[in-house]
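Here is the structure we will look at, set down as structure tokens.
The values are calculated or read from the model by the stated rules, or taken from the named source; none is laboratory data. Being a predicted model, the structure only gives us computed values, none of them experimental. Neighbour counts run over all protein chains shown; Cβ positions are idealised from the backbone, glycine included.
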Ligand code: PLP
């Protein structure tokens, strides 16, 4: 249906090019315009209310517009020093404070923080750091980077190459050279019939080792992994997966980069996803809930070994030839610092842990539904995977777009969720209440019933 003339949706169609959108469809239908938010709800231009079951893009951990302290922190910083940069040893005082805070919060000893504006930029920066240090260390052949099928690490050139989703490569001439792909640790989809999760994890580690030996350990620098894969469909690896994978990486002196862009800041029931999944990274990237999604800021943490290699090469070259104008932007840094204070004061990790049983109970309620293949979740992030045939796990024909259709139908029931293929993801603001968790799944239940009817 074409949008009402002169509505915001029509103006969006006329003037705005969206990311991750079929541009032709948007031209015909107009955008889904959100005008305001309150708590865990957002409102469209007609005033209709939606429970945002995705915290926007996995980021609005404190909900929408309910936190005056973040506004005050931004205003105060804008009055004191609205902008300064981090080139040539300069830095705003608040940026120093945030760097110190993040290094101190890290789940394993980290040495330094580097700031970016987005998760993609952070991951691209890490790729450059890895290449840079290995040149500096006199091993220019050790440059290849491993990531996993279905991984999501962003959209910039290197980050999109690390991303293991074909839709991000097609017609972009990606991935770049030197990116290797290893298995996605999704037991439900990739486990052999009768194979235990433990055996599947062992097979993933063996397959990783085979890849490393085939390529040559001396040519591989690092592996990127999210502790729990988010945008790939909320994939929670088997319990022993990371221990097994890390033993292989250690054996061949391959760095592990934990992408905490979604998992960080309480989402999985610990402050870091790395703690939940037993990951001991050499490098970490983070964004999104670092500022509760309120302002764009991302960070890279590097350990002492990585830092020293970078430091020594920057001294040799007279400069680390990488920098972004808005790296460590003081207003974003001030809001991030205040966000971290709020997480501490509100005991956000305890809150997620307390809600987890309710969230998982409600999620698992759909296990017996004839269209549901798997319900998976941890902390306050989860997914329900729909299948055509429960017994064989056969997926629906992609042309039916069952997942995206459910997302559209959910709008009628005042619910925003996200489809990754036919997996429906849930990642509500961490300030959601128990009653609201229940309500979110009631809205989903109605949407699923409509889809079941449509499929008849
Ligand atoms: N890494 C992960 C795990 C993500 O989920 C995302 C975004 O969803 C990114 C990186 C990229 O972050 P951004 O969209 O801020 O560039």
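Applying the set (1) more than 16 Å from the ligand (Cβ to nearest atom); (2) under 20 Å from the mean Cα position of the chain (by Cα) to residue 133 leaves exactly one unmet item: (2).
For residue 184, state whether it is assigned to a loop (DSSP other than H, G, I, E, B) and in contact with a strand residue (DSSP E or B) (Cβ under 9 Å, 6 or more places away or on another chain). It is true that residue 184 is assigned to a loop (DSSP other than H, G, I, E, B) and in contact with a strand residue (DSSP E or B) (Cβ under 9 Å, 6 or more places away or on another chain).
Filtered by the rule that a residue be surrounded by fewer than 18 Cβ atoms within 10 Å (Cβ to Cβ), farther than 29 Å from residue 134 by Cβ, within 28 Å of the chain's Cα centre (by Cα) and without any contact (Cβ under 8 Å) to a residue 60 or more places away in the chain, segment 182-219 gives 190, 192, 196, 197, 198, 199, 202, 203. Starting from residues that are in contact with a strand residue (DSSP E or B) (Cβ under 8 Å, 6 or more places away or on another chain) and in a loop (DSSP other than H, G, I, E, B), keep the ones in segment 108-130 and report whichever is nearest to the ligand (Cβ to nearest atom). Filtering first and then ranking leaves 118.
Residues in segment 153-181 that are touching a strand residue (DSSP E or B) at 6+ places or on another chain (Cβ under 7 Å) and in a loop (DSSP other than H, G, I, E, B): 153, 164, 178. Flag set for residue 99, criterion: outside any strand (DSSP E or B), modelled with pLDDT of 95 or more and in contact with a strand residue (DSSP E or B) (Cβ under 7 Å, 6 or more places away or on another chain). Right, residue 83: more than 30 Å from residue 39 (Cα to Cα) and over 21 Å from the mean Cα position of the chain (by Cα) or not? The answer is no for residue 83. Being within 16 Å of the ligand (Cβ to nearest atom) and in contact with a strand residue (DSSP E or B) (Cβ under 8 Å, 6 or more places away or on another chain) is a condition met by at least one residue of segment 200-222. Of all residues in segment 259-276, those satisfying the criterion of being more than 10 Å from the ligand (Cβ to nearest atom) and surrounded by 24 or more Cβ atoms within 10 Å (Cβ to Cβ) are 265, 266, 267, 268, 272, 274. Within segment 57-86, if we keep just the residues that are in contact with a strand residue (DSSP E or B) (Cβ under 8 Å, 6 or more places away or on another chain) and modelled with pLDDT of 95 or more, the residue that is surrounded by the fewest Cβ atoms within 10 Å (Cβ to Cβ) turns out to be 86.
Inside segment 105-120, residues that are surrounded by 23 or more Cβ atoms within 10 Å (Cβ to Cβ) and within 18 Å of the chain's Cα centre (by Cα) make up a count of 4.
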